[in-house]
Amino acid sequence: MFYCPGGFNYEKMSTTSKLMMKVFIKTLKAKKNKTAEDEVMIKMISSSYDISDIKYIEPILECLNEGN
């Protein structure tokens, strides 16, 4: 199993997807007794971000090379 974080780009989303995300964010913000994970999610999906890094691909390449 590999962990490959990516990002979130509102500029490339369709209007429908943007609207659904806004509703989801409002729902999370309105939630009573928010967990720390909820707060992080709200912060992360409130705007576009990119946390991709080439270092996440290296273990995948190593695994593929071992199979040859």
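No lab work stands behind these numbers, since they all come straight from the coordinates. Note that the coordinates shown come from a computational prediction; the quantities given were computed from them, not determined experimentally. FYI the Cβ positions are ideal-geometry reconstructions off the backbone, even for glycines, and counts take in every protein chain you see.
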- Message: Looking only at the range 5-20, count every residue that is exposed (fewer than 10 other Cβ atoms within 10 Å of the Cβ) and farther than 30 Å from Leu64 by Cβ and tell me the total.
- Response: 4
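This table checks each residue for (1) surrounded by 10 or more Cβ atoms within 10 Å (Cβ to Cβ); (2) touching a helix residue (DSSP H, G or I) at 6+ places or on another chain (Cβ under 7 Å); (3) not in a loop (DSSP other than H, G, I, E, B).
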{"site": "Tyr3", "(1), (2), (3)": "no, yes, no"}
{"site": "Lys22", "(1), (2), (3)": "yes, no, yes"}
{"site": "Ile25", "(1), (2), (3)": "yes, yes, yes"}
{"site": "Lys32", "(1), (2), (3)": "no, no, no"}
{"site": "Glu37", "(1), (2), (3)": "no, no, yes"}
{"site": "Met41", "(1), (2), (3)": "yes, yes, yes"}
{"site": "Ser52", "(1), (2), (3)": "yes, no, no"}
{"site": "Lys55", "(1), (2), (3)": "no, no, yes"}
{"site": "Ile60", "(1), (2), (3)": "yes, no, yes"}
- Task: Within the range 10-20, track down each residue that is in a loop (DSSP other than H, G, I, E, B) and not polar (S, T, N, Q).
- Result: Met13
